[in-house]
Amino acid sequence: MISLALDTNLMVFLCLALADKRHIGQHKRISNFTAQDFRSLLGIISQADELVSTPYSLSEVSNLLNVSLKRKIDLTILRSFAALIADTHEIGVRASDCAKSPEFSVFGLTDVAWLYHLDPKTVLVSTDEMLINYARSMGRNADWFRPSNQARG
């Protein structure tokens, strides 16, 4: 069984795009994402048996959605997020364990939870190249999701 862990930016992007494709590119954290990126993300998700998340990641998504598009969250976005939560296996991770890691000061709580608590059959997909490279150096399965219109260098 393959599990997929999406970082906060990708979860925000997924929630907004599922709620209404017109939201694509409208949120400052994901302003460079396109409809093509949404199709790519859906393709990645379709290859996994389940989505997984931590309470910390879900909390970040909730906070970011509440300020999405600079207005009060609308019901379609809230329903999209609720559906994503319902379809996601939540991994319990103790914050105190994460805070003890040397990476805590570099990556913070949400990312350290991913680094230390993903099982070998879970793939972390993130927009954060530094996190992906570090996760790979730890032997974790991790893929960098770069928006299609981001300059290649």
Note to self: On a straight-distance basis, which aspartates and glutamates could pair with Lys28 in a cross-link, Cα separation under 19 angstrom, same-chain partners fewer than 8 positions away excluded?
What the structure shows: Asp7, Asp20, Asp37, Glu60, Asp74, Asp128, Glu129
Note to self: Calculate the FRET efficiency for Gln26 and Gln47 from the Cβ-Cβ distance with a Förster distance of 22 Å, rounded to the nearest 0.05.
What the structure shows: 0.20
Check: Quick one: what does P(r) look like for the chain with 10 Å bins over all Cα pairs, in whole %?
Finding: 11, 41, 37, 11, 0
Margin query: If you average the alpha carbon positions of the range 84-118 and of the range 34-59, how far apart do those two centres end up, in angstrom?
Written below: 17
Item checked: trypsin sites (Lys or Arg not before Pro), loop per DSSP, at most 14 other Cβ atoms within 10 Å - longest free stretch of the chain -> 1-70
Notebook entry, point to check: How fast does the range 61-134 diffuse by Stokes-Einstein, in µm²/s, taking the Kirkwood radius from C-alpha pairs at 20 °C and 1.002 mPa s?
Noted result: 149
Next item on the list: Set the Förster radius R0 to 35 Å, insert the Cβ-Cβ distance between Ala86 and Arg39 as r into 1/(1 + (r/R0)^6), and round the FRET efficiency to 0.05.
Entry: 0.95
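Given a 1.4 Å probe, how much area per residue of the range 6-153 is accessible, in Å²?
Accessible area per residue, the range 6-153: 53 Å².
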Note to self: Within the range 1-72, what whole-number % of the accessible surface is contributed by carbon and sulfur, with the 1.4 Å probe and all protein chains included in the calculation?
What the structure shows: 49
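The values are calculated or read from the model by the stated rules, or taken from the named source; none is laboratory data. These numbers were taken from a predicted model, which means no experiment stands behind them. A quick note on method: Cβ atoms are made from the backbone with ideal geometry, for glycine too, and the neighbour counts reach across all protein chains shown. Side chains are part of the model used for accessible areas, which takes the heavy atoms of the whole protein and leaves out ligands, DNA and RNA. Shrake-Rupley method; radii C 1.70, N 1.55, O 1.52, S 1.80 Å.
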